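Below you'll find the structure, written out as structure tokens, and then a few comments.
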Amino acid sequence: MAQEVCRDFTGFNGLDLKKAKDRDTEAYGKIQAGVKAILPGQAGTPLIEPLVQFDSTQCETTYPKDKTLWGRHRIVFGRDRNARSHFSGYGGRGCTSAGSIDIVVGSGGPSPEHRQVAGPNFFTDASRIFLSQRADIDRYLNLSTDPDVGILPSENRAAIALKSDAVRIVGREGVRIYTSPRTPVKIGEKIGPLGDRLAEYNSRGQPIQSSGPERGIHLIAHGKVGKVSVPNPMVPPRLSGWKGVPDPVVYSVNRLQPMVKGENLAMFLNELVEQIKDINQIVQNFTNSQIEFNAAIANHTHVVPAAPGNTAQSIELIATYPVKAVQQLKDHVLEYGKKNEQISIWLKNTYLSSTSPLSFLSRYNKTN
């Protein structure tokens with residue numbers, strides 16, 4: 001049996017480190033000799049390993065009762081605290097309504113110094129579920145915020161945080177994520193402080209702010225928010241721009257952008273295809289009329305009078321290209337104008353405006 005690479009005792013000092021290695025060496029020797037033996041810690045047996053010493057405050061109740069295990073795992077019932085300092089968090093400030101439950105495994109990280117004094121550490125602790133009645137959770141976790149796109153920091157609010165190397169949420173019958181829910185007051189119950197019948201308020205007793213895009217669901221990979229510069233792929237081919245207005249050489253775009261609503265996007269693309277088909281039909285009709293006219297020009301003859309002066313009208317052109325054809329060309333120009341208005345105004349306002357119910361960009365949910 002090869003030596004396990006998942007065993008690290010470097011957090012021990014000289015003598016303790018030697019004892020840990022000797023215990024492993026003895027166990028490996030027995031195993032290689034064919035003697036029935038296991039390593040310390042295998043099969044749930046006792047394991048002596050480097051563990052931090054948790055610095056608990058007076059208001060905290062910590063489980064398990066055996067303090068020697070707190071460096072491996074612990075559940076702390078106390079008041080909001082996000083660092084070792086007893087003055088950290090809203091609990092450290094002496095705030096009321098700041099209760100918290102901190103569930104931690106792997107305190108001190110993968111290679112803690114044995115018996116080093118430690119407190120809550122949102123960066124080195126291996127895994128954490130943190131519940132707080134009052135917290136600045138984005139600051140505790142050093143999460144990116146961007147007010148320009150509605151990513152406001154959560155400050156002085158109740159919060160739940162999950163942090164680990166890998167987080168999985170599995171629902172055998174689906175997973176749903178809701179934001180800004182409202183619980184209506186039952187008939188006969190007291191109406192809310194603002195005179196409405198919404199029983200649910202935020203943790204500070206204030207109305208839930210749910211009208212803006214900042215209350216949506218934001219999927220932020222790698223913590224990337226803010227703006228990024230993107231070269232315009234149409235420069236220099238369209239350097240002059242439309243109507244003489246130069247196109248920007250570089251676009252400044254938000255990393256965090258609205259998610260796409262598939263059904264509305266499909267409706268937009270279908271409508272756009274139909275508009276293009278209509279334009280193609282107009283061009284085809286115009287082309288057919290132009291072909292007839294070009295053929296008449298190519299084959300026409302003039303009656304030249306004996307006396308000097310203007311030539312007579314072309315009988316062939318009059319016969320093959322009557323007033324009706326001229327009117328048809330005018331109709332084509334008119335149809336072009338209608339289609340241009342449909343595409344530039346109606347199509348944009350219907351599908352590209354953020355206020356339209358058919359917009360394929362989500363008003364609330366964003367991702368990068």
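Every number here is computed from the coordinates shown, using simple stated rules; none is lab data. All values derive from a computational prediction rather than experimental measurement. When we count neighbours, we look across all protein chains shown, and the Cβ atoms used for this are built from the backbone with ideal geometry, even at glycine.
Before moving on, here are some points about what is shown:
- Projecting the Cα positions of Ile31, Ser56, Thr45 onto the charge dipole of the range 1-69 (unit charges on Cβ atoms of Lys, Arg, Asp and Glu, taken about the Cα centre) puts Ile31 furthest along the positive direction.
- Here the gap between Ser356 and Asn142, fully extended at 0.36 nm per residue and compared with their Cα-Cα distance, gives a gain of 73.5 nm.
- Residue-span extension gain [Ser127 to Ile217] - 0.36 nm each, minus C-alpha spacing: 30.1 nm
- Each 5 Å bin from zero holds the following percent of Cα-Cα pairs in the range 1-50: 4, 20, 30, 27, 14, 4, 0.
- Here each label is just a point 7 Å from Cα along the line to Cβ, and for Ser252 and Gln58 those points are 5.3 nm apart.
- Pair-distance distribution of the range 1-107: all C-alpha pairs, bin width 10 Å, starting at 0; shares per bin in whole percent are 13, 34, 23, 17, 10, 3, 0.
- Taking each residue as 0.36 nm, the span from Arg23 to Glu155 lengthens on full extension beyond its C-alpha to C-alpha distance by 42.5 nm.
- With R₀ set to 35 Å, the beta-carbon distance separating His86 from Ile208 gives a calculated FRET efficiency near 0.60.
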